[in-house]
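Working notes, beginning with the structure itself.
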Amino acid sequence: MVNYKLFGGTNPATAASTDSVAVIGLGRFGQSIALELMANGTDVLGIDSSEEIIQRLNGQLTHAVTADATNQEVLQQLSIPEFDRVVVAIGDNIEASILVTSLLLRFNVPQIWTKAVNEQHGLILEQLGVEHVVYPEKDMGTRVAHLLRGSMEDYIDVGADFAVVKTPVPQEITGSSLSDLKIMTRYGIMIIAVKRESSPWVYTTPETVLEKTDIVLASGPIRKVEKFSQTQ
């Protein structure tokens, strides 16, 4: 007995492939992931309990299915155990999120990415054995807070008190080569790439001379790259 409703596409049971991802839960976070994957050429099986959401996404995803993802039989009918990558983006029902994630673990899905709505939810997911627990609201809040602290245009926390930032070049380090400036000794960070106006990003070398209008990528301990970005 089929327990799901498909909008558009072919039979979703054929969707699993080496370059396909199943996204369960298509709220703002899930939709954002699904549509970005599609834009970059990855096939997406999107699953949500809301028929209205699925109808709205009809034609935008490889497969869009209205289904109860907490039902093990439904997930098997949709060939979820055959997927290498599954995202659980359920945000309004912690119990459902945990149940779906537990089923994926039982299926031995290699890569499971689950959204956590709070620390307690995340702790349970980690105790279940989920390697990729995502905190969208917390991570965005942290990112914005760091952006507010300096002149950074973008900020990526890579963990262990280390970050990569996109920032205008401080005027005090223009006009001399990076080797002469001794950036690591002076600031405790590395400038790894530079972008000039109307030019693509390029890796820096010891001979690179920065100009006033350059944008750079700097990497290093969070406090030090923040301080570097504030040196304008």
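Observations, loosely collected:
- The single condition among (1) modelled with pLDDT of 95 or more; (2) farther than 13 Å from Ala22 by Cα; (3) open to solvent by 50 Å² or more (accessible area, probe 1.4 Å) that Trp113 does not meet is (2).
- Scanning the range 210-228 for residues that are more than 24 Å from the chain's Cα centre (by Cα), closer than 14 Å to Thr174 by Cα and surrounded by 17 or more Cβ atoms within 10 Å (Cβ to Cβ) yields Leu210, Asp214, Phe228.
- Filter result for His146 (closer than 30 Å to Thr204 by Cα and touching a residue at least 24 places away in the same chain (Cβ under 8 Å)): yes
Here's the yes/no breakdown for (1) open to solvent by 70 Å² or more (accessible area, probe 1.4 Å); (2) over 20 Å from Ala69 (Cα atoms); (3) part of a helix (DSSP H, G or I); (4) at pLDDT below 90:
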position: Thr101; (1), (2), (3), (4): no, no, yes, no
position: Glu126; (1), (2), (3), (4): yes, yes, yes, no
position: Val130; (1), (2), (3), (4): no, no, no, no
position: Gly141; (1), (2), (3), (4): no, yes, yes, yes
position: Tyr155; (1), (2), (3), (4): no, yes, no, yes
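- Selection within the range 194-209: residues that are closer than 18 Å to Glu172 by Cα and among the hydrophobic types (A, V, I, L, M, F, W, C). The member of this set that is least open to solvent (accessible area, probe 1.4 Å) is Val194.
- Scanning the range 174-184 for residues that are open to solvent by less than 40 Å² (accessible area, probe 1.4 Å) and free of Cβ contacts under 8 Å to residues at least 40 places away in the same chain turns up Ser177, Leu178, Leu181, Ile183.
- Of all residues in the range 84-97 being among the aliphatic types (A, V, I, L, M) and surrounded by 19 or more Cβ atoms within 10 Å (Cβ to Cβ), the one that is farthest from His132 (Cα to Cα): Ile90
The values are calculated or read from the model by the stated rules, or taken from the named source; none is laboratory data. Given the structure is predicted, the values throughout are model-derived calculations rather than measurements. Positions of Cβ are generated from backbone atoms using ideal geometry, with glycine treated the same way; all protein chains shown enter the neighbour counts. Surface areas here come from the heavy atoms of the whole protein model, side chains and all, with no ligands, DNA or RNA. Shrake-Rupley method; radii C 1.70, N 1.55, O 1.52, S 1.80 Å.
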